[in-house]
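**Q** Dropping the structure in here first, questions after.
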Amino acid sequence: MNAADQLRRILHLIPRLADGEPHSLEKVSRLAGVDRSVVLKDIESISERFESPGGFVEGLQIFIDADDISVVPNHFLRPMRLTRSELLALELGLAMLRGERPPEEHRAIDGAVARLRQAVARLPDDEIADDFRVASLSAAGDLQHLRRLREAFRTRRKVRLTYRKADEEAASSRVICPYGIVFASGMWYAVAYCESSEGIRIFRLDRVDQVEQLDARYESPRGFSIDAIVGDGRAFQAPNAGTLRVRYSPRIARWIAEREGKALAADGSLTVEHPMADPDWAVRHVLQYGPDAEVLEPRAVREAIVERLRSMTER
């Protein structure tokens, strides 16, 4: 298996899966002509992205359970915004494909390469400016942890998870019952019942330090729905969520508008209300956009940002 084979399979499968409906992994494997494990690795590769500009619109939500997979195309029906690196990666993939295909297919591939090069040439210099990109770079998490969580979910086994909360430096251990594995907002999440918290919690994969599959089994509650927790491309669960109201400047508003499905104001700016369970998350979210994001409310978050900037200056 090589990169060209994987690219060919992904381009073949995604249009067929991106209807929001569950598809049997066995049927998908037969359609692709590869083992089930290869299909799952292909799907994992879609989640590994780098150099995303701030406010990047995540095009797909991926849901995997024991036997099925479904792909929800949040913005799949409209033109997808690709970064310069992604366009160049597509060009490389087409070049590799050309080397393996017969001469009669080269003309079509060369035409696709020419159109890609035109797209790269048309990108403005500030489309993915360095200061606009740095805060958005993040790893989706350890894929080995993802595989162990997915296996535990498939076999309905409990997991001992070592996890670091966003506002804590030290990791803590807890036992969870995975109810679903979700890819949303550029990250993998485990939606699970946490025995320590005695409730449904969402665990972000990049904050997981260790995954240990236990012998004890569990049953998912009747009537449980992932859709009730994951919506609008986000994984969110908080019983007492507040609201973060942010104004984004015209410089970045168009990206945020695409992600949120909102209309720009007359001056090109955008004001969005985000659900907020963690004030520290709110501070990090706003700071990643620098002077292009302004907190309108709550006042506590504005004050927290001022304090964070003051402490950074003192250091």
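The values are calculated or read from the model by the stated rules, or taken from the named source; none is laboratory data. Keep in mind that what you see is a predicted model, and the values were worked out from it rather than measured. All Cβ positions, even for glycine, are placed from backbone atoms using ideal geometry, and neighbour counts span all protein chains on display. Surface areas here come from the heavy atoms of the whole protein model, side chains and all, with no ligands, DNA or RNA. Shrake-Rupley method; radii C 1.70, N 1.55, O 1.52, S 1.80 Å.
**Q** Computed over the Cα atoms of the range 274-315, what is the ratio Rg over Rh, Rh following Kirkwood?
**A** My calculation of the ratio gives 0.95.
**Q** Also, I was wondering about something else. Taking R0 as 35 Å, what's the FRET efficiency between Val306 and Glu195 from their Cβ-Cβ distance, rounded to 0.05? Kindly include the intermediate steps, with their values, before the conclusion.
**A** Numbers: r = 39 Å, r/R0 = 1.11.
Step by step, r from the Cβ atoms, then E = 0.35.
**Q** Relative to a virtual label point 7 Å from the Cα of Arg147 in the Cα→beta-carbon direction, which members of the range 194-214 show backbone nitrogen distances below 20 Å?
**A** 205-214
**Q** Okay, next question. Net charge around Arg157, counting only other residues with Cβ within less than 13 Å of its Cβ (Lys, Arg = +1; Asp, Glu = -1)?
**A** Numbers: positive: Arg148, Arg150, Arg154, Arg156, Lys158, Arg160, Arg217; negative: Glu151, Glu212, Asp215, Glu219.
Neighbourhood net charge equals +3.
**Q** Out of all Cα-Cα pairs in the range 1-44, roughly what percent, to the nearest whole number, are more than 14 Å apart? Don't jump to the answer; show the numbers that get you there.
**A** On the way: 408 of 946 pairs.
Everything past 14 Å amounts to 43 percent.
**Q** Taking only protein heavy atoms into account and a 1.4 Å probe, give the accessible area per residue of the range 2-45 in Å².
**A** Roughly 52 Å² per residue, with all protein chains present.
**Q** At 7 Å along Cα-to-Cβ for each site, give me the label-to-label distance between Glu273 and Ala170 in nm.
**A** According to this spin-label approximation, the distance is 3.9 nm.
**Q** Can you tell me which of 212-219, 102-109 comes out highest on packing, and rank the rest after it, using the mean Cβ neighbours within 10 Å?
**A** Ranking the peptides 212-219, 102-109 by packing returns 212-219, 102-109.
**Q** What length, rounded to one decimal in nm, is gained on full extension from Leu296 through to Val38, with 0.36 nm per residue of separation minus their alpha-carbon distance?
**A** Here the segment from Leu296 to Val38 would lengthen by 88.2 nm.
**Q** Would you mind checking which residues have amide H under 5 Å from Lys158's amide H? H placed 1.01 Å from N; only 5 or more apart, or other chain.
**A** Leu214, Ala216, Arg217, Tyr218
**Q** Please list, in chain and number order, the residues 5+ apart from Met276 or on another chain whose amide H is under 5 Å from its amide H, with Hs placed from the backbone.
**A** Residues meeting the amide H criterion: Gly242, Thr243, Leu244.
**Q** Quick one: check the C-alpha center-to-center distance for the range 238-315 versus the range 1-38, whole angstrom.
**A** With the range 238-315 and the range 1-38 each reduced to a Cα centre, they are spaced 38 Å.
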